[in-house]
Amino acid sequence: RQYPEIAELPFDQELRISASVRQLASRQRCIVKGSPEQILARSTKIVNSGKELRLNSQSKSALEQRSEAYAGQGYRVVALAYADAAPGQVHSLDGIKNLTFVGFFAMTDPIRGDVVQTLQTAHEAGVRVLMITGDHLKTAEAIARRAGIAQYGRVIHADELGRVKLATVSVIA
């Protein structure tokens with residue numbers, strides 16, 4: 001109630017971000033969440049100990065590596081940031097730039113205990129299992145390894161689909 005939502009900019013598959021525009025006194029704040037790559041590419045500042053500091057390329061690189069490390073451990077990683085604007089300035093996700101990076105949100109769902117055995121049984125019965133996910137490539141690869149799917153084929157990004165034989169693939173991210 002204190003910071004009413006002015007607009008919601010839904011998730012855009014190409015931009016891989018979404019935003020909520022909130023009213024803060026005399027300005028509007030865009031609270032943005034999305035892929036770490038997209039959020040970091042649009043960020044020029046970072047919140048550190050409650051202060052906004054300039055985000056340099058070395059710090060961005062370290063954050064990108066941290067995000068990749070989380071993904072490599074099987075976490076789904078979402079980046080959070082914000083940008084302030086004068087009222088009426090924010091009309092689209094495309095126009096949101098000069099973000100202040102706040103942090104990452106990393107989450108994971110445990111693999112059910114019977115998944116590995118079920119996949120093994122399916123494979124022995126001649127059933128080909130294909131995992132298709134919207135997760136980051138490294139996240140998908142880590143989950144596929146844990147579940148035992150990765151052993152049956154390659155883990156690829158969807159962009160590679162036209163360049164590989166589908167018969168050699170077990171995971172599409």
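Go through (1) open to solvent by less than 80 Å² (accessible area, probe 1.4 Å); (2) at positive phi one by one and return the number of the condition SER18 breaks. Here SER18 clears every test but (2). For TYR70, the criteria (1) farther than 30 Å from THR168 by Cβ; (2) surrounded by 15 or more Cβ atoms within 10 Å (Cβ to Cβ); (3) out of contact with any Leu (no Cβ under 6 Å at 6 or more places or on another chain) hold in every case but one, which is (1).
Can we say SER92 is among the polar types (S, T, N, Q), farther than 30 Å from ARG22 by Cβ, open to solvent by less than 60 Å² (accessible area, probe 1.4 Å) and out of contact with any His (no Cβ under 8 Å at 6 or more places or on another chain)? Criteria not met by SER92. Among the residues making up the range 136-173, those that are touching a helix residue (DSSP H, G or I) at 6+ places or on another chain (Cβ under 7 Å), under 17 Å from GLY72 (Cα atoms) and not hydrophobic (A, V, I, L, M, F, W, C) are HIS136, LYS138, THR139, GLU141, GLY148, ARG154, HIS157.
Taking the condition of being hydroxyl-bearing (Ser, Thr, Tyr) and assigned to a strand (DSSP E or B), how many residues in the range 129-173 meet it? Before you say what the answer is, go through the steps one by one.
Kept after step one, since they are hydroxyl-bearing (Ser, Thr, Tyr), are these residues of the range 129-173: 133, 139, 152, 168, 170.
When the remaining residues are screened for being assigned to a strand (DSSP E or B), the result is 170.
Of the residues in that region, 1 qualify.
In the set (1) open to solvent by less than 50 Å² (accessible area, probe 1.4 Å); (2) at pLDDT 95 or above; (3) not polar (S, T, N, Q), the condition left unmet by LEU119 is number (2).
The values are calculated or read from the model by the stated rules, or taken from the named source; none is laboratory data. Quick caveat, the model's predicted, so the values are computed rather than measured. Virtual Cβ from ideal backbone geometry, glycine too; neighbours counted across all protein chains shown. Each accessible area value is taken on the protein alone, full model and side chains, heavy atoms only, with ligands, DNA and RNA left out. Shrake-Rupley method; radii C 1.70, N 1.55, O 1.52, S 1.80 Å.
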